[in-house]
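Visitor: Would you mind keeping the following structure in view while I ask a few things?
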Amino acid sequence: MSEVLLEINNLCVDYVLPNGIARAVNNVSLSIKKGETLGLAGESGCGKSTLAFSISNLHKAPALISEGEILFQGQDVLKMRPKTLKAYRWNNVSVVFQSAMNSLNPVISIAEQLTDVIRAHTKASAKDAELRAIELLEIVGIHKERLHSFPYQLSGGMRQRVVIAIALALEPELIIMDEPTTALDVVVEREILNQLYELKQTFGFSILFISHDLSLMAEIADRIGVMYAGNLIELGLAKEVFHHPIHPYTKGLVSSFPSIHGPKETLYGIPGSPLNLLDKPQGCDFQARCPDCHHKCQQEVPRLSSDTPDRLVACHNL
Amino acid sequence: MMNELNTPVLKASGLIKDFPIGSGNKASMRALNDISFELHKGQALAIVGESGSGKSTSARILSRIFEETAGLIEYKGIKLKDFIKKFGRLEYARQVQMVFQDPFGSLNPVHTIYHHIARPLLIHKRTDKQGVEQAVYDLLELVGLSPAYETSLKYPHQLSGGQRQRVAIARAIAVEPEVILADEPISMLDVSVRLGILNLMAELKDKRGISFMYITHDIATARYFAEKTAVMYLGHMVEWGDSDAVTQTPQHPYTQLLLSAVADSARKDTVEFKANTGEIPLWGKESKGCPFVSRCHKVIEPCHQTMPAIKEISSGHFIRCYQV
């Protein structure tokens with residue numbers, strides 16, 4: 001298999017709150033290969049966005065990376081000096097944040113927001129930066145006439161494309177996409193994803209794609225990791241994880257999406273509510289919602305283990 | 001009996017809604033153009049479409065938040081205006097309730113859950129002062145929020161999104177409505193709890209005979225929950241009928257596009273995704289033709305001129321398109 005681009009080892013991220021410490025990412029290890037799309041699935045509060053934030057070392061108090069290392073091409077991101085970190089951010093790893101449509105500044109034109117990134121990180125002149133901005137807009141399929149538009153003059157899908165253009169500006173090796181299309185209509189979502197994949201073919205970057213939509217990820221990702229309450233609980237090839245989930249949480253998640261073409265059957269989702277991170281039980285975090293919970297689950301935390309080299313699952317019921 | 005079965009609970013014919021745009025001038029946009037549908041007892045009608053297609057506007061007109069520009073609404077066989085004249089706005093509000101998308105916004109953060117459910121019971125005189133406490137607990141149990149007493153003492157921020165939406169549903173059914181207009185009731189919730197809410201609504205529909213108008217952008221849940229589905233595009237209804245017919249044998253190019261865009265596990269190989277990335281026009285009073293022209297790949301000359309007439313392509317399956 002191709003070389004590893006990013007390696008996360010035993011990462012723990014805590015939120016230090018007045019009423020306790022919430023561990024949002026618990027001992028997670030993952031790697032992203034060159035040119036790979038890794039999907040990270042899970043519902044709100046499972047730690048997937050916190051994990052993404054850590055990769056660019058963007059955390060501020062009350063978040064605290066308490067353990068672990070993040071190696072980008074062998075270099076530990078968490079130990080980088082400010083100058084190296086500045087060069088690493090956006091040059092190597094760029095981020096398309098959740099509700100990216102709103103991450104554009106409403107009072108600054110698209111042109112300025114695009115050139116700002118270019119000029120902050122390279123020595124390009126104003127003229128060159130603008131030419132590059134035009135080129136970037138063309139790459140994502142927006143006419144150059146729109147360069148001097150303001151965000152409110154663009155539709156949601158176009159704003160999303162602008163944000164992707166900004167993420168592409170410095171040709172990073174890794175793009176983190178945190179629910180990039182959740183706020184969009186399905187048709188627009190599909191258009192943007194198709195386009196993203198063409199760009200990926202052209203530029204060869206890797207993607208960390210974060211979403212709660214497992215069926216979408218089964219189509220676009222190479223591998224999928226599933227998180228619950230801060231733990232990585234299942235990791236494997238996308239199609240395998242989706243069509244043959246092993247962990248009961250993944251099974252529940254898969255059956256939370258009614259199929260449009262398959263037989264019509266009553267689905268049950270997952271009973272109960274997501275876990276409160278300040279009130280974690282002893283043993284497996286999923287026990288309260290799990291259909292096959294037994295004695296051992298209430299005592300011991302299950303570890304990630306594998307039957308086959310491509311598949312990791314953290315469950316006592318294997 | 002027969003008559004009651006056939007009369008729809010709510011019926012809208014030829015609804016039009018214009019909203020003024022800008023200030024001072026007479027420009028307007030047409031959010032709904034010639035919309036007709038029926039809600040039947042104990043059935044759900046799903047309204048599917050992208051943002052700006054007029055889904056929520058339809059529900060808001062039915063709930064009288066907005067007034068229609070033109071068109072006729074009938075409630076239980078009589079004109080809605082006459083019904084309200086005769087029984088009052090409050091009585092109509094009792095019978096036709098809404099559940100909103102955002103359970104974080106639709107509950108008052110400074111009041112307990114008890115207050116939220118007791119209030120409609122008292123306003124609509126569903127129970128007397130002595131009975132209200134028990135009624136609140138019964139409702140909370142019914143929507144799966146047990147233990148009811150403990151839940152009733154909580155404030156909205158102490159509940160998860162799914163639990164809050166259950167409170168919103170409990171509040172809506174407290175007054176024993178005939179119809180619930182549910183505007184994207186699950187789209188803001190955690191994925192794992194969405195089906196719980198849909199199944200709860202299905203139970204209310206089947207066991208209590210409540211009619212639902214289920215507004216969603218997710219056509220897969222429309223098929224899952226609703227007997228009938230109507231697909232809207234830019235204020236127009238383009239295809240409607242039994243949910244299975246619409247989702248399994250879609251005929252309108254927009255419905256086909258929508259379905260090809262949905263990620264689906266049961267689909268084995270990639271389906272060709274055909275879309276023109278044309279811009280969606282702003283629809284006004286003077287606009288003519290089919291609204292989907294800019295993105296359709298099957299356009300012919302008449303499409304630019306007039307909106308196609310309604311065609312029944314199979315029993316109960318309707319479409320507005322020249323190409324079919």
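What follows is calculated from the coordinates using simple rules that are stated; it is not laboratory data. In this text the structure is predicted, and so the values were computed from the model without any measurement. When we count neighbours, we look across all protein chains shown, and the Cβ atoms used for this are built from the backbone with ideal geometry, even at glycine.
Visitor: Restricting attention to segment A:1-85, which GluC sites (Glu not before Pro) occupy a DSSP loop and are surrounded by at most 13 other Cβ atoms within 10 Å?
Guide: Values: sites: A:3, A:7, A:36, A:43, A:67, A:69; in loops: A:3, A:36, A:43.
Within segment A:1-85, the qualifying GluC sites (Glu not before Pro) (loop, at most 13 other Cβ atoms within 10 Å) are A:3.
Visitor: With a Förster radius of 60 Å, plug the Cβ-Cβ distance of residue B:150 and residue A:126 into 1/(1 + (r/R0)^6) and report the FRET value to the nearest 0.05.
Guide: Working: r = 63 Å, r/R0 = 1.04.
Plugging the Cβ-Cβ distance into 1/(1 + (r/R0)^6) gives 0.45.
Visitor: Using the Cα centre of chain B as origin and beta-carbon charges of +1 (Lys, Arg) and -1 (Asp, Glu), tell me which of B:220, B:185, B:21 is placed farthest towards the positive end of the dipole.
Guide: B:21
Visitor: Can I ask one more? Take chain A, connect every pair of alpha-carbon atoms lying under 10 Å apart with a spring to form a Gaussian network, then pick out the residue of A:51, A:38, A:267 with the largest mean-square fluctuation.
Guide: The residue that fluctuates most here is A:267.
Visitor: With charges only on Cβ, +1 for K and R and -1 for D and E, what is the dipole size of segment B:142-237 about its Cα centre, in debye, rounded to 20? Provide the component values of the computation, followed by the final result.
Guide: Details: 10 positive and 10 negative charges, 21 e Å.
Here segment B:142-237 has a charge dipole of around 100 debye.
Visitor: How large are Rg and Dmax for segment A:1-145 when calculated on the C-alpha trace, in angstrom?
Guide: 17.7, 52
Visitor: Cα convex hull of segment B:54-122: how many Å³ per residue? Numbers along the way, then the final one.
Guide: Working: hull volume 7.6 nm³, N = 69.
Expressed per residue, the convex hull around the Cα atoms of segment B:54-122 is 111 Å³.
Visitor: Moving on. Dividing the alpha-carbon Rg of segment A:163-206 by 2.2 N^0.38 Å yields what? Please report the intermediate quantities before stating the final value.
Guide: Details: Rg = 10.6 Å, N = 44, 2.2 N^0.38 = 9.3 Å.
Normalised Cα radius of gyration, segment A:163-206: 1.14.
Visitor: Of all DSSP beta bridges located in chain A, what percent are antiparallel, nearest 5?
Guide: Roughly 60 percent of the beta bridges in chain A run antiparallel, per DSSP.
Visitor: Would you please give the FRET efficiency between residue A:73 and residue A:251, computed as 1/(1 + (r/R0)^6) with r the Cβ-Cβ distance and R0 = 35 Å, to the nearest 0.05?
Guide: Values: r = 36 Å, r/R0 = 1.03.
The calculated FRET efficiency here is 0.45.
Visitor: Pairs B:41/B:228; A:48/A:83; A:83/A:123; B:11/B:76; A:48/A:79: which exceed 18 Å Cα-Cα? Let's see the in-between values first.
Guide: Numbers: B:41/B:228 12 Å; A:48/A:83 27 Å; A:83/A:123 15 Å; B:11/B:76 8 Å; A:48/A:79 22 Å.
A:48/A:83; A:48/A:79, as the Cα separations exceed 18 Å there.
Visitor: Consider just the alpha-carbon atoms of the protein assembly as shown and return their Rg together with their Dmax, both in angstrom.
Guide: My reading of the Cα-based Rg and Dmax gives 26.0, 80 Å.
Visitor: Picking from A:104, A:49, A:291, whose Cα lies most toward the positive end of the charge dipole for chain A (charges on Cβ: Lys, Arg +1; Asp, Glu -1)?
Guide: Value: A:104.
Visitor: Moving on. When DSSP beta bridges are limited to those with both residues in the protein assembly as shown, what percentage is antiparallel, rounded to the nearest 5? Present the calculation step by step, with values, prior to reporting the outcome.
Guide: Values: 56 of 93 bridges.
Around 60 percent antiparallel, to the nearest 5.
Visitor: Using 1/(1 + (r/R0)^6) with R0 = 51 angstrom and r between the beta carbons of residue B:84 and residue B:279, what's the FRET efficiency to the nearest 0.05? Spell out each step's value before the answer.
Guide: Values: r = 40 Å, r/R0 = 0.78.
The computed FRET efficiency comes out at 0.80.
Visitor: Treat each spin label as a single point 7 Å out from the Cα along the C-beta direction, and report the residue A:200 to residue B:293 distance in nm.
Guide: 3.7 nm
Visitor: Which one, A:266, B:231, B:103, is farthest towards the positive end of the dipole of the protein assembly as shown when Lys and Arg carry +1 and Asp and Glu -1 on their Cβ?
Guide: Selected residue: B:103.
Visitor: While we're on this one: Sum -39500 (n - 2.57) across every DSSP H segment of at least 4 residues in chain A, then divide by the residue count to get the 222 nm mean residue ellipticity, nearest 500. All intermediate terms of the calculation are to be shown ahead of the outcome.
Guide: On the way: 10 runs with 97 residues, N = 318.
Taken over chain A, the calculation gives -9000 deg cm²/dmol.
Visitor: While we're here: Taking other Cβ within 10 Å of each residue's Cβ, how do A:228, B:149, B:137 sort, fewest first? Spell out each step's value before the answer.
Guide: Values: A:228 29, B:149 12, B:137 19.
Least to most surrounded, the residues fall as B:149, B:137, A:228.
Visitor: In addition: Please report the antiparallel percentage of the DSSP beta bridges confined to segment A:161-318, to the nearest 5. Walk me through the intermediate numbers first.
Guide: On the way: 9 of 14 bridges.
In segment A:161-318, DSSP labels about 65 percent of beta bridges as antiparallel.
Visitor: Oh, and also: Considering all projection directions equally, how large on average is the shadow of the alpha-carbon convex hull of chain A, in square nanometres? It would help to have the intermediate numbers written out before the result.
Guide: Numbers: hull surface 71.3 nm².
One quarter of the hull surface, i.e. the mean projection, equals 17.8 nm².
Visitor: Continuing with the same structure: Rounded if a/c is under 1.5, else prolate if a/b beats b/c, else oblate: with a ≥ b ≥ c from the C-alpha gyration tensor eigenvalues square-rooted, which is segment A:180-318?
Guide: Values: a/c = 2.01, a/b = 1.64, b/c = 1.23.
Prolate shape, in that a/c is at least 1.5 and a/b is the bigger ratio.
Visitor: When Cβ neighbours within 10 Å are restricted to other protein chains, what is their mean count per residue of peptide B:181-193? Let's see the in-between values first.
Guide: Working: counts 0, 0, 0, 0, 0, 0, 1, 1, 2, 11, 15, 17, 8.
For this peptide, the per-residue mean of nearby foreign Cβ atoms is 4.
Visitor: In Å and whole numbers, how far do the C-alpha atoms of segment B:166-265 stretch along each principal axis, longest first?
Guide: 42, 28, 24
Visitor: Here's a follow-up. May I ask for the longest run of chain B untouched by GluC sites (Glu not before Pro) that are loop-located per DSSP and have at most 13 neighbouring C-beta atoms (other than their own) within 10 Å?
Guide: Working: sites that count: B:67, B:272, B:279, B:286.
The longest such stretch corresponds to B:68-271.
Visitor: Does chain B classify as rounded, prolate or oblate by the C-alpha gyration tensor (a ≥ b ≥ c root eigenvalues; a/c under 1.5 gives rounded; else a/b over b/c gives prolate, otherwise oblate)? Mind dumping the intermediate values first?
Guide: Details: a/c = 1.89, a/b = 1.56, b/c = 1.21.
Taking the square roots of the gyration eigenvalues as a ≥ b ≥ c, chain B is prolate.
Visitor: Please report B:115, B:124, A:295, A:212 as a ranked list, fewest other C-beta atoms within 10 angstrom at the top and most at the bottom. Don't jump to the answer; show the numbers that get you there.
Guide: Values: B:115 14, B:124 17, A:295 9, A:212 22.
If I rank by nearby Cβ atoms, fewest first, I get A:295, B:115, B:124, A:212.
Visitor: Using the alpha carbons of segment B:97-186, what is the convex hull volume per residue in cubic angstrom, as a whole number?
Guide: Working: hull volume 7.5 nm³, N = 90.
Measuring per residue, one finds 84 Å³ for the Cα hull of segment B:97-186.
Visitor: Below 9 angstrom from the Cβ of residue A:212, what's the summed charge of the other residues (Lys, Arg +1; Asp, Glu -1)? Intermediate values should be presented prior to the final figure.
Guide: Numbers: positive: A:48; negative: A:43, A:179, A:213, B:190.
Residues near residue A:212 contribute -3 overall.
Visitor: Shifting gears a bit: Pulled fully out, how much extra length does the chain show between residue B:249 and residue B:141, if you take 0.36 nm times their separation in residues and subtract their Cα-Cα distance?
Guide: Numbers: separation 108, 0.36 × 108 = 38.88 nm, distance 4.01 nm.
This chain segment gains 34.9 nm when fully extended.
Visitor: Classify segment A:244-310: rounded, prolate or oblate, from the alpha-carbon gyration tensor (a ≥ b ≥ c, eigenvalue square roots; a/c under 1.5 rounded; otherwise prolate if a/b is larger than b/c)? Don't skip to the answer; put the middle values down first.
Guide: Numbers: a/c = 2.53, a/b = 1.47, b/c = 1.72.
In terms of gyration-tensor shape, oblate.
Visitor: Let me confirm one metric for peptide A:273-281, namely the mean number of other chain beta-carbon atoms within 10 Å of its residues' beta-carbons. Show your work: numbers first, answer last.
Guide: On the way: counts 9, 7, 0, 1, 0, 0, 0, 0, 0.
Whole-number average of other-chain Cβ neighbours for A:273-281 is 2.
Visitor: Could you work out how far helix A:126-139 tilts from the main Cα principal axis of chain A, as a 0 to 90 degree angle to the nearest 10?
Guide: 50 degrees
Visitor: Under unit Cβ charges (Lys, Arg +1; Asp, Glu -1), what dipole magnitude, rounded to 20 debye, does the protein assembly as shown have relative to its Cα centre? All intermediate terms of the calculation are to be shown ahead of the outcome.
Guide: Working: 67 positive and 70 negative charges, 292 e Å.
Dipole size: approximately 1400 debye.
Visitor: Test of understanding: express the Cα radius of gyration of segment B:1-157 as a ratio to 2.2 N^0.38 Å, with N the residue count. Write out the running numbers ahead of the final one.
Guide: On the way: Rg = 19.0 Å, N = 157, 2.2 N^0.38 = 15.0 Å.
Compared with the compact-globule rule of thumb, segment B:1-157 sits at 1.26.
Visitor: What are the extents of the Cα atoms of segment B:212-260 along their three principal axes, listed from largest to smallest and rounded to whole Å?
Guide: 25, 23, 16
Visitor: May I pose another question? What is the dipole size for chain B, taken about its Cα centre, with +1 at each Lys and Arg Cβ and -1 at each Asp and Glu Cβ, in debye to the nearest 20?
Guide: Numbers: 38 positive and 35 negative charges, 153 e Å.
Result for chain B is approximately 740 debye, rounded to the nearest 20.
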